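The values are calculated or read from the model by the stated rules, or taken from the named source; none is laboratory data. Fair warning: this is a prediction, and the values are worked out from it, not measured in the lab. FYI the Cβ positions are ideal-geometry reconstructions off the backbone, even for glycines, and counts take in every protein chain you see. Please note that ligands, DNA and RNA were not included when accessible areas were found on the heavy atoms of the full protein model with its side chains. Shrake-Rupley method; radii C 1.70, N 1.55, O 1.52, S 1.80 Å.
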Amino acid sequence: MSVFEKLESEVRSYCRGWPAVFGRAVGSRLYDERGRAYLDFFAGAGSLNYGHNNPVLKQALLEYLTADGITQALDMSTEAKGELLETFAELVLKPRVLDYKVQFPGPTGTNAVESALKLARKVTGRRTVVSFTNAFHGMTLGSLAVTGNAAKRRGAGVPLTDALAIPYDGYLGAGAPDFGLLERMLTDRGSGLELPAAVIVETVQGEGGVNVARREWLRALAELCRQHEILLIVDDVQMGCGRTGAFFSFEEAGLTPDIVVLSKSIGGYGLPMALTLLRPDLDVWEPGEHNGTFRGNNLAFVTATAALRSYWADDALERGTLAKGERVRGVLAELAAGIPGAEVRGRGLVQGLALPVPQWAGLAARAAYRRGVLVETSGAEGQVLKLMPPLTVTDEELTEGLAVLADSVREAVERAPEELGALG
Ligand code: PMP
């Protein structure tokens, strides 16, 4: 029995599908203790958009460490934080004509979501937050209340309250009117719905099955929020930092959310960091009203700044991501054409293959692992094979990984139905 099985909690998850013991990683590849290489089409759940140990970021980090730059600084002002804020304003906010105050809410995505929910409730004096079917916002209680997955919600152990889940785009099938229900409930005094504080939305649901909201749907949602003075929170934890092409996933739809949450790849190097961006007039926090020990991971600030300077001073990464995304989509579409009921969906370098038999996706992911490619499934039934390589993946790596995935999907689909039954 390995030390992991003996000592580590049963809660562990990714290591079950990928039981290798990893040691090194460079770019799009991880290496296990025996030196076997694995191509990474998961990118740390979206936290490694610039690849593993990206040399440019590593250099900045090494220089900072060598100079005894401060590592942990609570929320004290530091040179590294100042540089990050200036760079973020210059390269991200200014070119997009966005005016946000920046909050450091704690190191993880769920920290940022919690801060956004708290702030929305404080600003409006209201309680309810509207969320969407198959949404994923994190594992702490506030975030769980706006997360769809039943198994994850059960883990809370207490009632998850003050949230209302409504259908995401496409949930009711094509042709269903967008927001008809919410609109009616907001205007009908007999509906039983209190005016919500906020709506929280992902423009593409990553964990929920690579569900892509249409531009018109997002715009209608923003308009509905504006009309009823409900705050719009975009959770860009997974889809931000270029995953869908543009830096923010909501740029394509032309939205200006009231609050934006970012984490995962904002630190650049896989180092924990999160940001909550708020409209300046919403910044009603009292000093220390929302705090936390680890809001000053200066190593992450250094790599975040280096990532912004290296990748967001021009549009080369965005163009590359869109082009690579098209390639992935093309291969998946060909594959889907041979599988009745299969569907391809995604934007930029997050692409999903939804399979008509949910177990096929899991079997394909397992087969891919055997062949040296890491890829995850998503969706309520794990029915979607979700491809999310680093944005820095090379064309050769894409060719190699996509060939393996195509073989793996074909292998899974060929499995006899009785075998699938045995898998449960
Ligand atoms: N929001 C979204 C959209 C996410 O995908 C995730 C993580 N998968 C989170 C929030 C939570 O982030 P974390 O795991 O860092 O708490």
Helix-derived mean residue ellipticity, 222 nm - over the chain, DSSP H n ≥ 4, -39500 (n - 2.57), to 500 | -11000 deg cm²/dmol
The Cα extents of the chain along the principal axes, largest first and rounded to whole Å, are 61, 55, 45
Measuring from centroid to centroid over Cα atoms, what is the spacing of the stretch 165-231 and the stretch 390-410 in Å?
-> 35 Å
Return the lysines within reach of LYS118: Cα separation strictly under 23 angstrom, same-chain partners fewer than 8 residues apart disregarded; answer none if there are no such residues.
-> LYS101, LYS152, LYS264
Dipole magnitude of the chain about its Cα centre, charges +1 at Lys/Arg Cβ and -1 at Asp/Glu Cβ only, in debye to the nearest 20?
-> 540 debye
Which lysines have a Cα lying under 16 Å from the Cα of LYS324, excluding residues fewer than 8 positions away in the same chain?
-> LYS386
Would you work out which of ALA20, ALA274, VAL210 lies farthest towards the positive end of the dipole of the chain? Charges go on Cβ: Lys and Arg +1, Asp and Glu -1.
-> ALA20
Share of antiparallel DSSP beta bridges in the chain, in percent to the nearest 5?
-> 65 percent
Centre separation in Å (Cα based) which lies between the stretch 89-157 and the stretch 301-340 | 25 Å
Hull volume in cubic angstrom per residue (convex hull over the Cα atoms of the stretch 193-345) = 159 Å³
Nearest-5 percent of antiparallel DSSP beta bridges in the stretch 58-311?
-> 45 percent
Taking the Cα centre of the stretch 118-188 as origin, sum charge times position over the Cβ atoms of Lys and Arg (+1) and Asp and Glu (-1), and report the length of that vector in debye to the nearest 20.
-> 460 debye
Count charges around GLY348 for me, please; just the other residues with Cβ under 15 Å from its Cβ, Lys/Arg as +1, Asp/Glu as -1.
-> +3
Over the stretch 58-311, what relative contact order in percent results from Cα pairs under 8 Å that are six or more residues apart?
-> 30 percent
Within the chain, longest stretch clear of exposed GluC sites (Glu not before Pro) (DSSP loop, no more than 13 other Cβ within 10 Å) = 34-193
Can you give the charge dipole size of the stretch 58-311 about its Cα centre, rounded to the nearest 20 debye, using +1 on the beta carbon of Lys and Arg and -1 on the beta carbon of Asp and Glu?
-> 500 debye
Could you tell me which trypsin sites (Lys or Arg not before Pro) in the stretch 30-138 are loop residues by DSSP with no more than 12 other beta carbons within 10 angstrom of their beta carbon?
-> ARG34, ARG36
With bins of 10 Å, the percent of all Cα-Cα pairs of the stretch 291-424 per bin from 0 is 12, 36, 26, 17, 8, 1
Accessible-area value, MET273, 1.4 Å probe, nucleic acids and ligands omitted, Å² = 10 Å²
The stretch 58-311: Rg to Rh, with Rh as the Kirkwood radius over Cα pairs | 0.98
